[in-house]
1. How about the range 25-61: which of its residues are surrounded by fewer than 20 Cβ atoms within 10 Å (Cβ to Cβ) and more than 16 Å from the chain's Cα centre (by Cα)?
2. Scan the range 114-169 for residues that are free of Cβ contacts under 8 Å to residues at least 12 places away in the same chain and in contact with an Asp or Glu (Cβ under 7 Å, 6 or more places away or on another chain) and jot them down.
3. Going residue by residue through the range 189-206, is there one that turns out to be crowded, with 17+ Cβ neighbours inside 10 Å, part of a loop (DSSP other than H, G, I, E, B) and at pLDDT below 95?
4. Can you report the number of residues in the range 172-188 which are without any contact (Cβ under 8 Å) to a residue 60 or more places away in the chain and either among the aromatic types (Phe, Trp, Tyr) or in a loop (DSSP other than H, G, I, E, B) (or both)?
5. Within the range 15-34, track down each residue that is under 19 Å from LEU252 (Cβ atoms) and touching a Gly at 6+ places or on another chain (Cβ under 6 Å).
6. Before we move on, is LEU157 at pLDDT 90 or above, buried (at least 18 other Cβ atoms within 10 Å of the Cβ) and more than 18 Å from the chain's Cα centre (by Cα)?
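The values are calculated or read from the model by the stated rules, or taken from the named source; none is laboratory data. If you're wondering where the values come from, they're calculated on a predicted model, not measured in any experiment. We place every Cβ from the backbone using ideal geometry, glycine too, and count neighbours over all the protein chains shown.
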Amino acid sequence: MEMDAKYTSLVALGDSFTEGMSDLLPDGSYRGWADLLAARFAAADPEFRYANLAVRGKLIGQIVEEQVDAAVAMNADVVTLVGGLNDALRPRCDMGLVRAHLEEAVERLAPSCKKLVLMRSPGRNGPFLERLRPRMEELFAVLEALAARHDTALVDLYGCAALADQRMWHVDRLHLTGEGHRRVAEAVWQSLGLAPQEDWQAALPPAERPGWAARRTADARFVRVHLLPWIGRRLTGRSSGDGRAAKHPELLPYQGLGDEPGERAAALGH
């Protein structure tokens, strides 16, 4: 695999999207697009270094407070920042404060690295997104302005129709599947000016729509297993990330997703 040698390290900041939910591994941990991207670099450069500071449930103010200083100190070649969507999901959201936090993060991170990558997060088709869309688009307008001002990469996942396909989303309807994360890794790879390995925006084949009974069963399970606990955390001021540490908090050589080359290739989807 050919690779532009100018990138020798990566630090990823954010929430559950960057932590890797819900790209579940057999041991119960999450992989996700940032791990996949680091593994792709490490396959060509065993000394490639990687840190993932993201923790599920974090708001943008918490990302700034808990992750930005650490990332700046690492002086990585590539830094990715995805945040603000958890704020937008909450019933009460001060978008002015979200904008201020994002501006602070970008202003501090951009000078610390060779390339800062921002993203317009993907959105799942459905009524929930329609209710959220105005706030999401306000958030994305802030990111577009910051990207232009600071010459960062801006990956438009939101504009990708394939990533809006319900089959790209876990049953919790909030997080991407492994296939979705694999496509995000490719999108970020290309945003860094590296040679495309696939069309990450390629449409999925046509799918047969489940019957009414199957849809109602899936809806009921979603409410019971995912929606009600999420509402409960909002009402009690708790977060799924409370007490949870980042999975890769230090900038260290990435050892791959498996010990054997075959395992690594399988994990990368090759």
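1. Once the filter is applied, which keeps residues that are surrounded by fewer than 20 Cβ atoms within 10 Å (Cβ to Cβ) and more than 16 Å from the chain's Cα centre (by Cα), the range 25-61 yields LEU25, PRO26, ASP27, GLY28, ALA43, ALA44, ASP45, PRO46, GLU47, GLY61.
2. Answer for the range 114-169, where residues must be free of Cβ contacts under 8 Å to residues at least 12 places away in the same chain and in contact with an Asp or Glu (Cβ under 7 Å, 6 or more places away or on another chain): there is none.
3. No.
4. 1
5. Scanning the range 15-34 gives GLY20, TYR30, ARG31, GLY32.
6. Details: at pLDDT 90 or above: yes; buried (at least 18 other Cβ atoms within 10 Å of the Cβ): yes; more than 18 Å from the chain's Cα centre (by Cα): no.
No.
Rundown of residues vs (1) touching a Leu at 6+ places or on another chain (Cβ under 7 Å); (2) assigned to a strand (DSSP E or B); (3) modelled with pLDDT under 95, yes/no style:
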site	(1), (2), (3)
ALA34	no, no, no
GLY57	no, no, yes
VAL64	no, no, no
ALA76	yes, no, no
LEU81	yes, yes, no
ARG99	no, no, no
VAL106	yes, no, no
PRO122	yes, no, yes
